[in-house]
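Below is one structure, written out as C-alpha cells, with a few remarks after it.
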Amino acid sequence: MPRTYGEIPGFPIGSTFENRTTLASTPVHRPRMDGICGGKDGTESIVVSGGYVDDEDYGQEIIYTGHGGNDPATKRQIADQQLVKGNAGLARSQLDGNPVRVIRGAGGDPTFSPTTGFRYDGLFRVVDHWHKIGKDGYRVWQFRLVTLESADPPPDPVPEGEGPVGRTEATIQRQIRNTAVANHVKDLHSYKCQICETCLVTPAGPYAEGAHIRGLGRPHNGPDIAGNVLCLCPNHHVLFDAGAIFVDAMRIVRSTGTQDPLGPLRTVPKHVVDDGQLAYHRDYHA
Ligand SMILES: [Zn+2]
C-alpha cells in the first residue's frame, strides 16, 4: 500500500476515535496494534499513548521512543531496539522532510492526552533522532518531533486574499507539496547529485536535497514542478542557491567567478529539467 503523508481529508485536527479498532478503520493510523505505521521507506503516522517509559510529551514537541523490545503487559523494555521497520521509517522521514500524523491516546501524558480513546493532533516533523540506553537498561531509538504549526514560517508567500484563518493550514499543505515534488526528483536520481554524483549514505538511507532552480518565494515565485528542481548534494545546493555556480545554455555547470567548467549537468530521461528556469537562474547570478 502506498504511503500517505500529511492530512487525511475528512479528519481535521481534534478528530476523536473511540478505540484502536475505530482508529484503524480510517487511513489516519492503519495498524490495529503497532504504534508506528511505517517502514524503511518512511513513516506516516504514530500513536503516542504512554506505551514506552522513555517517552516525553511537551505538547508541541514530543520525544518519541521507537518500537521493539517492549513487554506490552508491563510497558518495560526487555531487549534492545534496532533501527528497522517503523524506527527506520521515522529516520527516513527526517531525511525526506515528510510530515508524520500524531495521534495521542488516553494512556499518554495527562496534560496533552485525551481523557478517553484517541485523538488526531496534527502533523509533526521529525527533527532529530538518536539512540541511548533507556530507563530499563536497554538500547532505545528516540525521535524528536515538533508540530508543523510551530515551525518557522516558510519562505514562500501566502497568496493574496488568503485570510489569517486558513493561513497556517494552507502553508502546511504547500510545504507538504513542495516536499513531495522534491522527493520525487530525488528518487528519479537515486539521491545522486546531478553535478558531482555524490550520494550521502546514512544509517537511515541515502540523502540528497531538492534544489529549486527558480526560487519559490518572492521575488522569483518559481513553479513547484519537477522541471524546476535539481537533485543536489548539500554542498552544490548551497553553491547553486548562492549563485556561486550556474548551468550554461549547453548545460555545462560553471563557476560564476572564473567561468571554469565543473562538468555537464547530469540528467535522467524521466526528469526533464526546464531550460527556461536555468536561464532565469543565470540572469540572476551568472
Ligand atoms: Zn554535488
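Some notes on this structure:
- Condition met for residue 48 (in contact with a Gly (Cβ under 7 Å, 6 or more places away or on another chain), surrounded by 16 or more Cβ atoms within 10 Å (Cβ to Cβ) and in contact (Cβ under 8 Å) with a residue 40 or more places away in the chain): yes
- Taken over region 261-286, the criterion of being outside any loop (DSSP other than H, G, I, E, B) and either polar (S, T, N, Q) or within 17 Å of residue 209 (Cβ to Cβ) (or both) is satisfied by 277, 281.
- When region 64-76 is filtered for residues that are exposed (fewer than 15 other Cβ atoms within 10 Å of the Cβ) and assigned to a loop (DSSP other than H, G, I, E, B), the ones remaining, listed by number, are 72, 73, 74, 75.
- Residues of region 179-198 that are within 15 Å of the ligand (Cβ to nearest atom) and without any contact (Cβ under 8 Å) to a residue 12 or more places away in the chain: none at all.
- Residue in region 46-53 that is part of a loop (DSSP other than H, G, I, E, B) and of a type in the set (Phe, Trp, Tyr) present: yes
- Enumeration of residues in region 200-232 that are more than 16 Å from the ligand (Cβ to nearest atom), surrounded by fewer than 17 Cβ atoms within 10 Å (Cβ to Cβ) and of a type in the set (A, V, I, L, M, F, W, C): 225
- Residues of region 199-234 that are touching a residue at least 24 places away in the same chain (Cβ under 8 Å) and either more than 19 Å from residue 179 (Cα to Cα) or small (Gly, Ala, Ser) (or both): 202, 203, 204, 205, 208, 210, 211, 215, 217, 222, 226, 227.
- Filter result for residue 247 (free of Cβ contacts under 8 Å to residues at least 12 places away in the same chain and surrounded by 13 or more Cβ atoms within 10 Å (Cβ to Cβ)): no
- Hits in region 233-260 - residues which are in contact with a helix residue (DSSP H, G or I) (Cβ under 6 Å, 6 or more places away or on another chain) and either in a helix (DSSP H, G or I) or within 15 Å of the ligand (Cβ to nearest atom) (or both): 245, 246, 247
- Whenever a residue of region 1-26 is on the phi < 0 side of the Ramachandran plot and part of a helix (DSSP H, G or I), its partners that are of a type in the set (Phe, Trp, Tyr) and surrounded by 11 or more Cβ atoms within 10 Å (Cβ to Cβ), lying with C-beta atoms within less than 9 angstrom and at least six residues away or across chains, give the pairs 20/118; 22/118; 23/17; 23/118; 23/120; 24/17.
Read-outs throughout are calculated quantities, based only on the coordinates presented, and are distinct from any laboratory measurement. These figures come from a predicted structure and were not determined experimentally. FYI the Cβ positions are ideal-geometry reconstructions off the backbone, even for glycines, and counts take in every protein chain you see.
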